[in-house]
Structures are given as structure tokens and as C-alpha cells.
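Have a look at the structure below, then the notes.
The values are calculated or read from the model by the stated rules, or taken from the named source; none is laboratory data. Computed from a predicted model, the values in this text were never measured in an experiment. Glycine gets a Cβ as well: all are built from the backbone with ideal geometry, and neighbour counts include every protein chain shown.
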Amino acid sequence: MSIIVENITKYYGSYQALTNINLEIKSGELIALLGPSGSGKTSLLRIIAGLEQAENGNILFNEENYTHKHVKDRNVGFVFQHYALFRNMSIFDNIAYGLKVRPRKIRPSKKEIEQKVTELLQLVKLEGYKDRYPSQLSGGQRQRVALARALAVEPNILLLDEPFGALDAKVRKELRRWLRRLHDEFNVTSVFVTHDQEEAMDVADRVVIMNEGKIEQVGTPEEVYDHPINPFVYDFLGSVNLFKGNVQQGKLVTGNVEMNAPDSEDGVSTGYVRAHNFIIERKASGKDSIASIIDHIHTMGAIVRIEVIRHDTNEPLEIELNKEQYMELELRKGERVFVRPKELKVFVDYMAGI
Amino acid sequence: MEHEHSVVAKTNGPVIMTKNATKEPKSIQWILISIVLLFLTLFLVVPLIAIFVKAFEKGADAYLAAIAHPDSLAAIKLTLIVVLITVPLNAVFGVVAAWTITKYDFKGKNFLITLIDLPFSVSPVIAGLIFVLLFGLHGALGTVLQSLGLKVIFSIPGIVIASIFITFPFIARELIPLMQSQGTSEEEASLTLGAGGFKTFWYVTLPNIKWGLLYGVILCNARTIGEFGAVSVVSGHIRGMTNTMPLHIEILYNEYQFSAAFAVASLMSIFAIITLIIKSFIEWKTGFKSTKAS
């Protein structure tokens, strides 16, 4: 089922949580709403679910206006960050709840409910747990029950609010892969909220990046990572180094260094280079070689993170090499090196001079 | 595993130290325990025994006769009627108030909480007087009520109203912290699964608060049975008509019928002891502690 978000605006008192949000989600897509805390991503999700009402705008499911439909009539599956399992019910009753509370006319028989719950328990690999209570389960198991409970009602869309936020790193990774497989199997349109960019990139078909109640960019993980449309997105997705300077005739001048920026307008600008987009050399190879001193070397598994200090401005830069490159170079702390950006993206500072 | 053990041992160290730091010598412990026991015996156990001794002073026959006296039976009946109206009403009010306060956000919420506490801070006698001034013959609403032929003061409705006022906070106060700590996400989950407001309350909210609710009901019940001040002001002390058990005891006592007074008092004490037993059972059953305002 497709979702259309139209001009959604939401206030909490005088605080504007969402400003004119427009978004189209295709049927069967898995979408991540990604942003820092306070960016409005959870508010948007709750408005789609009907748990909150927007001041302005419309929510359409399959082009039908659902804006004023009560949450209980929207047939959405909602998974909460802290599971929100019914503590007074067994796992079986938790999953069966959505079917049991249906009006008598459309309620499945006891046998059908039991069959359905058993299937779902198998799906989430908790067959032996049906008589236990939520408090007897681990965090990862609880979230799987929450998912099974949401899926039991065969929802039009599945909405997940930071579903793995309360879990430890390993379980989190397993569960998000599992969510992806589940989504491919059921093919239900899904939207999940996260502040973890790795999680969003790993799982989602498309990522919606939000900041301060607005959408900054929408695109596939590759699009938003490789072609961020503004400094915020660039900064938010992965570690990035900033070069503040001036563009003159296609060159960004920063400190003693000149970098090629052929498509940029003249003026005060900032260059952005991702940590893994650097070459480290022992000799200068052009005007864009930045003389630096190695300050720190951290080995983190297959990646080596090197912090260098620019000679001209004393600003730190963060560089990531893979283990092989690092071994080849035989770098040492305190050594003088030249650092050259492989890929540079320049954004004009509209705020400069104001 | 080795490593984990050493960590546990390390964190255990300081914990034991702090425990030791607050531990008194054995002798002081015993002295403190003795003081508490002595105090409880003197002020609670001895009076309780005295009630029963005094009640049976003239023998079991006199005891039964005192309780079977029409005025006593009328007082017991009236008390039960008041309880049967007051406690259910306050249970409903309490749940509604707690629900409103914990599940919604609105302006003036703190004021509402303060308002709920009002009966705790107002003297029961004053509370009773308020209703006399309001509903009495010369009261603000008295003339209207009289023209309609309704009598509130010096009759059962007045007693019920005063009892409701006095015992209103017990259930609400018990439920508010409980429901606050439980949050609203289970209710939200229920709504997204297609359950309406009533089903959500019945299947999700009520089971989660049932022990707290029962605890509040018991406190409310005990206070309704025992309430003297407010009820005394509005009842008018009409024998066999508007006397509840505490009022009846006072009258018997003032008429020097000590055995009869204590016989009825012993009956109330039995109610109180049963209440205590149920209360302890609930606490044991849930590990639930009263979080009433101190």
C-alpha cells in the first residue's frame, strides 16, 4: 500500500516539530526516516500511524485520504522502541490480541487464531516461548514478539519507531538483517525511524534524511551518500573533513593549499572531504597537497583511522585507510606527510558575511 | 570467565563496606527494636485488647444483645449502605481522574492534582460544615432542594456526599503514580492493533492497575467505615436513622452504656483487622508499595 504525506505541519505548543513535509512512499518499499534527535522523524511516523494529529496537511494510503481516520481503523502495524508488549498477557496472547479484539463478525475462530499465532511464533523463532510473559524474555526476543504481534493483523503498512534502539550492537545488527528478509518475504510497505545512519544505509530501499522538522534529502543509500545535496547531509552521513576557504576561478583556496573546484561559484565556501577519500604521500605532488603531521593512529579492525594536524592552519583532519594501504606506507606517529583529497565537494556558505 | 569474576569481586567490595557503615552494633539494634515494640504494645495492642475485654465485660449474651439492638443494627446497615455507594463511586472517579492526569497533557494539570489532595488537607469537621452551609436549610442550595422536596443534610444523601468528599483522594492517589510509571505505550499498541477505547481499557489498562486499584479501594473502604468528623456534622445524630457505626458508638458511650459501645467498637475493629489482612495479602502478592503522598 502506498503512502502519500502531503504538507504535514505539526506544532507542540509553540514549538514547530514538522514544517510542510511532503513525501511519497511506493507500495512495498522499505523506507528509513533518518535524522538527529529532535528532527521530527518520530512525530512524522506517529502522524502516519494516527497516534498523533497534524495541524495541517493530509495522509493518503493508496490515494485514499486517511487523515481523519482513527488509529484503530488504519490497520497499521506499529513497533515501539521499548516494545510496549502487554505485560499482563502471555506471549501467545500478546500476538493473538489484534485478532481477538476484532468485532465478532470479522473475528477469526479460536482455531484459526491459534494457527496464525503458531505460524508467527515460528517466523520469529520463539516457538517454545508462547506461555511465557514479556518480563521473562530478553530485549531482542521482546522486539521479535512485538513484530509478530504487529504482523498478526496483516497490516497495510508497518511502522517501526527506533525498533533496535534499545538493543546491544550485535543483536541490533542481526535483527535489522532479519527485518530486511522479513520485509522481502511479506512485501508490506514499511517505514522505520532511526538515528543510526549505518542502520538506515544497511536496510532501507530509500533514506529520508530529516533535520529540524524538515526533509533535507530523499534517495537511495548510494544517492544520499555519494551525492549529498547540502552540508547537513554530507556531515550527517559518515565522518567528513571541512575546509573553510574561498573559491576563486574554479579553485578553493584554504590556508596554503589550492584545490580544484571547477563547478563552484566564486565566494566564501566550505569544501567537504570524506575521511576515506584521502591519499597520504611522503612528497608533495601538487598545490592540493596538504603538509601535515601525524598526531594519532587508531587501528579499528580492517580500518585504520589516522588523525593529522595541518601544518598551515593547525586544524585536525581525520583520514581512514584500509589495513593494506596503511601497512604499505609504514606510517609512524609524529611523521611529516602530505595529504591529498581524492574527491572534494564544495558548498557556498550562504550564511557567510551576514 | 576469570576476568568476569574479578570484576564482580571488585564491585562487591565497596558495597559491603557501605553496608557495614550503616550497621549499628547489636546492642543498639536490640534497644531500638525494643523501643518500637514497647511503643506499639502500649499504643496499639493494649487498646485493641481493651476494646474486646470491655465489650465482653458483661458476658457474651450482653455482647450479642448490644449488637442485635435495633439501633445498632440500623447503624451497621447505614454504614454498609454508605460504603456500597461511596466506594464504587470513588473507584470510578479515582480511575477517571488518574486516567485524565496520566494519559493526557493539558494546562492546569498540577492544579488538578492539588485539588484532588484537598480533602487530605481540610479538617473533616470543616468539610462537613461546608456541606451544611451548601445544602442546609439556609444554605446556598438548601432552599432550592427544599422546594423540590429533597433532604440532603441530616439524612443519608448528606452522609454519602461527606464520605465521598473525605475518601476521594485514596484511590486516585494510589493510581496516579502507578499509571505514570506505566506510561501510555501499551494503550497505544492496543489502539494500533484495532482495539477501541473500551477494549483497550478493559484488556490492557485495567489488568495493569488492578492491584493498585484494589489497594486504593481497601484504604477508601476503611476510611469510609471509620469516618467520624464530617459525617457527625451532616448526620444530625437521629437514632436508628442517620447514625453510622462511629456515631452510634459515641452516643452509646455518652449514655454510659460502655459495654454496648465497646461491643459495636469491637465489630469495627474486626473489620479493620480483616482489612489489614487483605492489604498485607495484596502487598505480598504484588510486592507493591503504597506510594501515597507523604
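Results for (1) more than 12 Å from residue A:294 (Cβ to Cβ); (2) loosely packed, with under 13 Cβ neighbours inside 10 Å, shown as yes or no for each residue.
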{"residue": "A:304", "(1), (2)": "no, no"}
{"residue": "A:307", "(1), (2)": "no, no"}
{"residue": "A:330", "(1), (2)": "no, yes"}
{"residue": "A:335", "(1), (2)": "no, no"}
{"residue": "A:342", "(1), (2)": "yes, yes"}
{"residue": "A:347", "(1), (2)": "yes, no"}
Mind checking which residues of the range A:229-245 are on the phi < 0 side of the Ramachandran plot and assigned to a loop (DSSP other than H, G, I, E, B)?
A:229, A:230, A:237, A:239
Cβ-Cβ under 8 Å, sequence separation 6+ or interchain: first residue in the range B:70-93 and free of Cβ contacts under 8 Å to residues at least 60 places away in the same chain, partner part of a helix (DSSP H, G or I). Which pairs?
B:73/B:67
Residue check: is residue B:118 of a type in the set (A, V, I, L, M), modelled with pLDDT of 85 or more, within 30 Å of residue B:175 (Cβ to Cβ) and part of a helix (DSSP H, G or I)?
yes
Of the residues in the range B:180-234, how many are charged (D, E, K, R) and farther than 30 Å from residue A:103 by Cβ?
2
Return the total of residues in the range A:141-178 being in a helix (DSSP H, G or I) and either among the hydrophobic types (A, V, I, L, M, F, W, C) or closer than 16 Å to residue A:204 by Cα (or both).
16
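How many residues are surrounded by 11 or more Cβ atoms within 10 Å (Cβ to Cβ), basic (Lys, Arg) and in a helix (DSSP H, G or I) when one looks only at the range A:111-125? Write out each step before concluding.
Within the range A:111-125, the first condition is being surrounded by 11 or more Cβ atoms within 10 Å (Cβ to Cβ), and the residues that meet it are A:112-125.
Still in the running and basic (Lys, Arg): A:116, A:125.
Now restrict to residues that are in a helix (DSSP H, G or I): A:116.
The qualifying residues number 1.
Quick check, is residue B:172 within 14 Å of another protein chain (Cβ to nearest Cβ) and small (Gly, Ala, Ser)? Give the derivation first.
Details: within 14 Å of another protein chain (Cβ to nearest Cβ): no; small (Gly, Ala, Ser): yes.
No; evaluated as a whole, the condition is false for this residue.
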Considering each of A:219, A:213, A:255, A:238 in turn, give the residue that is more than 19 Å from residue A:349 (Cα to Cα) and at pLDDT below 90.
A:238
Starting from the range A:321-350, keep only residues that are in the same structural domain as residue A:268 (by TED's automatic domain parsing), then list their pairs with residues that are acidic (Asp, Glu) and part of a strand (DSSP E or B) whose Cβ atoms are within a distance under 9 Å, requiring at least 6 positions of separation or different chains.
A:329/A:281; A:333/A:295; A:334/A:295; A:337/A:281; A:338/A:281; A:339/A:281; A:340/A:281
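Can you tell me which residue within the range A:139-164, out of those that are of a type in the set (S, T, N, Q) and in contact with a helix residue (DSSP H, G or I) (Cβ under 8 Å, 6 or more places away or on another chain), is farthest from the other protein chains (Cβ to nearest Cβ)?
From the range A:139-164, those of a type in the set (S, T, N, Q) are A:141, A:143, A:156; that's our starting set.
Filter once more, so that each one left must be in contact with a helix residue (DSSP H, G or I) (Cβ under 8 Å, 6 or more places away or on another chain): A:141, A:143.
Details: A:141: 17, A:143: 13 Å.
Per the stated criteria, the residue is A:141.
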Residue match in the range B:175-189 (condition: more than 14 Å from chain A (Cβ to nearest Cβ), small (Gly, Ala, Ser), outside any helix (DSSP H, G or I) and more than 23 Å from residue B:80 (Cβ to Cβ)):
no
Just checking, which of A:45, A:34, A:23 is at negative phi and within 14 Å of chain B (Cβ to nearest Cβ)?
A:45
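When you scan the range B:154-162, do you find a residue that is more than 14 Å from every other protein chain (Cβ to nearest Cβ), touching a residue at least 60 places away in the same chain (Cβ under 8 Å), of a type in the set (Phe, Trp, Tyr) and in contact with a Gly (Cβ under 7 Å, 6 or more places away or on another chain), even just one?
Filtering the range B:154-162 for residues more than 14 Å from every other protein chain (Cβ to nearest Cβ) gives B:154-162.
Imposing the further condition that a residue be touching a residue at least 60 places away in the same chain (Cβ under 8 Å) reduces the set to B:154-156, B:158-162.
From the residues that got through so far, the ones that are of a type in the set (Phe, Trp, Tyr) too are B:154.
Narrowing the set further to residues that are in contact with a Gly (Cβ under 7 Å, 6 or more places away or on another chain) leaves B:154.
Yes, some residue in the range B:154-162 is more than 14 Å from every other protein chain (Cβ to nearest Cβ), touching a residue at least 60 places away in the same chain (Cβ under 8 Å), of a type in the set (Phe, Trp, Tyr) and in contact with a Gly (Cβ under 7 Å, 6 or more places away or on another chain).
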Scan the range A:264-281 and give yes if some residue there is within 19 Å of residue A:329 (Cβ to Cβ) and either in the same structural domain as residue A:209 (by TED's automatic domain parsing) or over 33 Å from the mean Cα position of the chain (by Cα) (or both), otherwise no.
yes
Restricting attention to the range A:316-328, which residues are surrounded by 13 or more Cβ atoms within 10 Å (Cβ to Cβ) and in a strand (DSSP E or B)?
A:316, A:317, A:318, A:319, A:320, A:321
Which pairs do you get when a residue that is under 11 Å from residue A:153 (Cα atoms) and more than 12 Å from chain B (Cβ to nearest Cβ), found in the range A:99-116, comes within reach of a residue that is surrounded by 12 or more Cβ atoms within 10 Å (Cβ to Cβ) and among the small types (Gly, Ala, Ser), reach meaning Cβ atoms under 7 angstrom, with the pair 6+ apart or on two chains?
A:113/A:96; A:116/A:152
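Assess whether residue A:167 counts as being in contact with a helix residue (DSSP H, G or I) (Cβ under 6 Å, 6 or more places away or on another chain) and buried (at least 21 other Cβ atoms within 10 Å of the Cβ). Explain how you work it out, then say what you get.
Numbers: in contact with a helix residue (DSSP H, G or I) (Cβ under 6 Å, 6 or more places away or on another chain): yes; buried (at least 21 other Cβ atoms within 10 Å of the Cβ): no.
Here the answer is no, as residue A:167 does not meet what is asked.
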May I ask you to verify whether residue B:216 is buried (at least 22 other Cβ atoms within 10 Å of the Cβ) and either without any contact (Cβ under 8 Å) to a residue 24 or more places away in the chain or of a type in the set (Asp, Glu) (or both)?
no
Residues in the range A:203-217 that are closer than 15 Å to residue A:35 by Cα and either part of a helix (DSSP H, G or I) or under 11 Å from the mean Cα position of the chain (by Cα) (or both): how many?
6
Could you say whether any residue in the range B:238-261 is aromatic (Phe, Trp, Tyr), part of a helix (DSSP H, G or I) and either touching a residue at least 60 places away in the same chain (Cβ under 8 Å) or over 14 Å from residue B:75 (Cα atoms) (or both)?
yes
Within the range A:210-242, track down each residue that is in contact (Cβ under 8 Å) with a residue 60 or more places away in the chain and farther than 22 Å from residue A:40 by Cβ.
A:239, A:241
Cβ-Cβ under 7 Å pairs, at least 6 apart or on other chains, the range A:60-86 side more than 8 Å from chain B (Cβ to nearest Cβ), far side outside any loop (DSSP other than H, G, I, E, B) and of a type in the set (Asp, Glu):
A:60/A:6; A:79/A:161; A:81/A:161
Output yes when any residue across the range A:127-136 is of a type outside the set (D, E, K, R), away from every other protein chain (no Cβ under 14 Å), crowded, with 16+ Cβ neighbours inside 10 Å and more than 26 Å from residue A:204 (Cα to Cα), and no when none is.
yes
How many residues, within the range B:60-118, are farther than 19 Å from residue B:183 by Cα, surrounded by 12 or more Cβ atoms within 10 Å (Cβ to Cβ) and hydroxyl-bearing (Ser, Thr, Tyr)?
4
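Against the definition (more than 14 Å from chain A (Cβ to nearest Cβ) and assigned to a helix (DSSP H, G or I)), how does residue B:216 come out, yes or no? Outline the logic, then answer.
Details: more than 14 Å from chain A (Cβ to nearest Cβ): yes; assigned to a helix (DSSP H, G or I): yes.
Answer is yes for this residue.
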